[in-house]
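The values are calculated or read from the model by the stated rules, or taken from the named source; none is laboratory data. Treat the numbers as computed from the prediction; the structure is a model and nothing was measured. All Cβ positions, glycine included, derive from the backbone under ideal geometry; neighbour counts span all protein chains shown.
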Amino acid sequence: MNKFKNKTEQDFWVECVRHAERLNEIKGSISEAKWHKNDYVEYADKMLKEFREKQTNISPNDGGCWFCHTKSGNMVFDTEFDTYVHVACIRKALKKNSNDPEAKLMKYLLK
(Lines give C-alpha, C1' and ligand atoms only; values in the text may rest on other atoms or scores of the structure.)
Protein backbone atom coordinates (compact mmCIF):
# COMPACT_ATOMS: atom_id res chain seq x y z
CA MET A 1 0.00 0.00 0.00
CA ASN A 2 2.27 2.82 1.29
CA LYS A 3 0.75 5.52 -0.91
CA PHE A 4 -0.42 8.14 1.51
CA LYS A 5 -3.01 10.78 0.67
CA ASN A 6 -1.67 13.17 3.29
CA LYS A 7 0.66 13.50 6.26
CA THR A 8 -2.04 12.35 8.68
CA GLU A 9 -2.25 9.01 6.89
CA GLN A 10 1.53 8.68 6.84
CA ASP A 11 1.81 9.46 10.56
CA PHE A 12 -0.99 7.00 11.33
CA TRP A 13 0.74 4.25 9.32
CA VAL A 14 4.09 4.84 11.03
CA GLU A 15 2.40 4.71 14.43
CA CYS A 16 0.76 1.40 13.47
CA VAL A 17 4.18 -0.06 12.62
CA ARG A 18 5.52 1.12 15.98
CA HIS A 19 2.50 -0.35 17.74
CA ALA A 20 3.06 -3.71 16.01
CA GLU A 21 6.70 -3.65 17.09
CA ARG A 22 5.67 -3.02 20.71
CA LEU A 23 3.10 -5.83 20.53
CA ASN A 24 5.76 -8.15 19.16
CA GLU A 25 8.09 -7.32 22.02
CA ILE A 26 5.37 -8.19 24.55
CA LYS A 27 4.20 -11.24 22.60
CA GLY A 28 7.77 -12.43 22.07
CA SER A 29 8.37 -12.55 25.79
CA ILE A 30 5.25 -14.72 26.23
CA SER A 31 5.50 -17.07 23.26
CA GLU A 32 7.95 -18.21 20.63
CA ALA A 33 5.92 -16.85 17.71
CA LYS A 34 7.54 -13.58 16.67
CA TRP A 35 6.57 -11.28 13.85
CA HIS A 36 8.87 -10.42 10.98
CA LYS A 37 9.28 -6.90 9.56
CA ASN A 38 6.87 -7.59 6.68
CA ASP A 39 4.20 -8.52 9.28
CA TYR A 40 4.50 -4.98 10.66
CA VAL A 41 3.90 -3.53 7.20
CA GLU A 42 0.91 -5.82 6.58
CA TYR A 43 -0.57 -4.82 9.94
CA ALA A 44 -0.06 -1.11 9.25
CA ASP A 45 -1.54 -1.46 5.74
CA LYS A 46 -4.62 -3.20 7.19
CA MET A 47 -5.06 -0.52 9.83
CA LEU A 48 -4.65 2.26 7.24
CA LYS A 49 -7.33 0.67 5.08
CA GLU A 50 -9.72 0.62 8.06
CA PHE A 51 -8.76 4.22 8.89
CA ARG A 52 -9.62 5.31 5.33
CA GLU A 53 -12.96 3.51 5.45
CA LYS A 54 -13.84 5.33 8.64
CA GLN A 55 -12.82 8.65 7.11
CA THR A 56 -15.02 8.19 4.04
CA ASN A 57 -18.31 7.25 5.65
CA ILE A 58 -18.88 9.84 8.35
CA SER A 59 -22.39 11.01 8.98
CA PRO A 60 -22.99 14.77 8.92
CA ASN A 61 -24.17 14.33 12.52
CA ASP A 62 -20.63 13.20 13.37
CA GLY A 63 -18.86 16.03 11.53
CA GLY A 64 -18.82 14.60 8.00
CA CYS A 65 -19.65 16.68 4.94
CA TRP A 66 -23.35 17.06 4.21
CA PHE A 67 -22.85 15.88 0.63
CA CYS A 68 -19.89 13.47 0.47
CA HIS A 69 -19.83 12.13 4.05
CA THR A 70 -16.08 12.58 4.50
CA LYS A 71 -14.22 14.56 7.11
CA SER A 72 -11.18 15.91 5.38
CA GLY A 73 -9.78 19.01 3.79
CA ASN A 74 -11.14 22.49 4.12
CA MET A 75 -14.67 22.41 5.50
CA VAL A 76 -17.01 25.25 6.40
CA PHE A 77 -19.97 25.23 8.78
CA ASP A 78 -23.47 25.79 7.46
CA THR A 79 -25.79 27.34 10.05
CA GLU A 80 -28.96 26.48 8.14
CA PHE A 81 -28.40 22.72 8.45
CA ASP A 82 -26.00 22.89 11.43
CA THR A 83 -23.45 20.80 9.57
CA TYR A 84 -20.02 20.91 7.98
CA VAL A 85 -19.65 20.91 4.22
CA HIS A 86 -16.90 21.19 1.62
CA VAL A 87 -17.22 24.27 -0.57
CA ALA A 88 -16.25 22.04 -3.51
CA CYS A 89 -19.18 19.74 -2.71
CA ILE A 90 -21.62 22.66 -2.83
CA ARG A 91 -20.24 23.65 -6.23
CA LYS A 92 -20.42 20.06 -7.46
CA ALA A 93 -24.04 19.69 -6.29
CA LEU A 94 -25.04 22.94 -8.01
CA LYS A 95 -23.26 21.92 -11.20
CA LYS A 96 -25.05 18.57 -11.18
CA ASN A 97 -28.44 20.14 -10.41
CA SER A 98 -28.75 23.90 -10.29
CA ASN A 99 -32.06 23.50 -8.46
CA ASP A 100 -30.69 21.32 -5.66
CA PRO A 101 -32.58 22.79 -2.68
CA GLU A 102 -29.88 22.05 -0.10
CA ALA A 103 -27.03 23.34 -2.26
CA LYS A 104 -29.04 26.46 -3.09
CA LEU A 105 -29.49 27.21 0.60
CA MET A 106 -25.75 26.70 1.18
CA LYS A 107 -24.74 28.86 -1.77
CA TYR A 108 -24.00 31.79 0.56
CA LEU A 109 -20.91 29.85 1.72
CA LEU A 110 -19.36 30.19 -1.75
CA LYS A 111 -18.71 33.93 -1.29
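Below is a table of values for the structure above.
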item: Every pair of residues 6+ apart whose Cβ atoms lie under 6 Å, when the first sits in the stretch 46-59 and is under 22 Å from M75 (Cα atoms) while the second is hydroxyl-bearing (S, T, Y); result: T56/T70
item: Selected residue (criterion: nearest to M75 (Cα to Cα)) from residues of the stretch 1-22 that are modelled with pLDDT under 85 and among the aliphatic types (A, V, I, L, M); result: M1
item: Condition met for F81 (at pLDDT 85 or above, surrounded by fewer than 16 Cβ atoms within 10 Å (Cβ to Cβ), out of contact with any helix residue (DSSP H, G or I) (no Cβ under 8 Å at 6 or more places or on another chain) and aromatic (F, W, Y)); result: no
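Here's the yes/no breakdown for (1) modelled with pLDDT of 80 or more; (2) under 30 Å from A103 (Cα atoms); (3) exposed (fewer than 15 other Cβ atoms within 10 Å of the Cβ); (4) among the aliphatic types (A, V, I, L, M):
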residue: N24; (1), (2), (3), (4): no, no, no, no
residue: N38; (1), (2), (3), (4): no, no, yes, no
residue: Y43; (1), (2), (3), (4): yes, no, no, no
residue: K49; (1), (2), (3), (4): yes, no, yes, no
residue: G64; (1), (2), (3), (4): yes, yes, no, no
residue: K71; (1), (2), (3), (4): yes, yes, no, no
